[in-house]
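Written below as structure tokens is the structure these notes are about.
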There are 2 protein chains.
Amino acid sequence: MHDTPDTFTFRPIAFVRSPYARRIDAPHQPTVVAGTEAGSAADAIIEFVADFPEAALQDLAGFERIWVLFAFDRSEGWKALVKPPRGGPRRGVLATRSPHRPNAIGLSAVELVAVEERCLRVCGVDLLDGTPILDIKPYVPYADAFPASCAGWIDAVDAAQGRQSAPGPRRPRRFSPVFNRNVDQRETGSE
Amino acid sequence: MHDTPDTFTFRPIAFVRSPYARRIDAPHQPTVVAGTEAGSAADAIIEFVADFPEAALQDLAGFERIWVLFAFDRSEGWKALVKPPRGGPRRGVLATRSPHRPNAIGLSAVELVAVEERCLRVCGVDLLDGTPILDIKPYVPYADAFPASCAGWIDAVDAAQGRQSAPGPRRPRRFSPVFNRNVDQRETGSE
């Protein structure tokens, strides 16, 4: 027996430092990078908050990918039907990966490049700079990977337009000068 | 420019009705069912709250799998290191799928069996009866499926003990009479 609370409150454990300052700059899914300036996925850093225990990151090294669960903190409100960036008719919001959802929680499988002191270096990120991270989980193929899984209306659009038709960012950006400076500082550190 | 709130509060959009009444009864991952009584994954129902708009479910039919993001509402507190059910030494909590996490949010890729009136029938569920659902997302292989992704310490344990060594439920249960009755009522409905 237990009482279910009406709401659940979460505190960010980390924040993203990424080259994407605004929504319009970010790819719609992390693996879609054809439209980016470099033609490759951007690096980003997941920086844990000051009081987060370092030991909780132990054993993450060795995982090729991690799940990043984050708050779409710049999303304001939602509607039951949304117009996908791929085009076509409006779709039920739960059948899309739109950031404007009933609970604005995002999910991305990103490559884990390195576990560093109090931060993770990752690649293949569609996250905006400053995005609050709620959870990190290991990517485990037997529980997470279903490569032949049918994807409903998305498969239909892809079949009509060519595979993986999600648009890339419209205004690709380089890393901001501030971001590069911070990365350089890290790289010359003793870590 | 935007201010990042210190916390994020979410309201469940749905609740699970499943045969697993207690944590000890549920498999540790939805695809691990070797230890269950039937040897197959259990059906469950995701029932949306009364004021949730039906249109938001539109276009979900056709997806073979969905992501279920849920609250581990029976989890109390967390530690930086946890002892995995597979055995071996304690691991950093973020390198595990433990329910006892800094933000107690769970993630499962479940099979979508049917979209019905105000609910989803799903299969392959490791969710406890009554679990609050925070979000549903379509499973999209190009963004979500990385079958060859290395899984660090989990690969190492599996290599030593045999593949997919996560233990099944220790006390497998049949569907509870209440659950079956509700399912039967649904099946005789006009939906």
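Plainly put, the tip 7 Å out from Cα toward Cβ on B:THR7 is 0.9 nm from that tip on each other copy, the closest given first. Between A:ALA61 and A:ARG90, the simple label model (points 7 Å from Cα in the Cβ direction) yields a spacing of 5.1 nm.
Subtracting the Cα-Cα distance of A:GLU117 and A:HIS100 from 0.36 nm times their residue separation leaves 2.8 nm of extension gain.
How shielded is A:99-106 by partner chains, expressed as the average number of their Cβ atoms within 10 Å of its Cβ atoms? Before the final figure, lay out the partial values.
Values: counts 0, 0, 7, 13, 11, 3, 8, 3.
Average per residue, whole number: 6.
Chain B and chain A together bury an accessible surface of about 7000 square angstrom, both sides counted, with a 1.4 Å probe and no ligands or nucleic acids included.
Shortest first, B:PRO147 label-point distances to identical copies amount to 0.5 nm, with the label point at 7 Å from Cα along Cα→Cβ.
Treating r as the C-beta distance of B:LYS83 and A:ALA21 and R0 as 45 Å, the FRET efficiency rounds to 0.60. So which residues of region B:59-73 lose at least 30 Å² of accessible area, probe 1.4 Å, when you go from the chain by itself to every protein chain present? Going by heavy-atom accessible area, the residues of region B:59-73 that drop by at least 30 Å² are B:ASP59, B:GLY62, B:PHE63, B:GLU64, B:ARG65, B:TRP67, B:LEU69, B:ASP73. Here A:PRO85 yields copy-to-copy label distances, from shortest upward, of 3.7 nm, the label point defined as 7 Å from Cα along Cα to C-beta.
The values are calculated or read from the model by the stated rules, or taken from the named source; none is laboratory data. All values derive from a computational prediction rather than experimental measurement. So basically every Cβ, Gly included, is an ideal-geometry build from the backbone, and we count neighbours across all protein chains shown. Please note that ligands, DNA and RNA were not included when accessible areas were found on the heavy atoms of the full protein model with its side chains. Shrake-Rupley method; radii C 1.70, N 1.55, O 1.52, S 1.80 Å.
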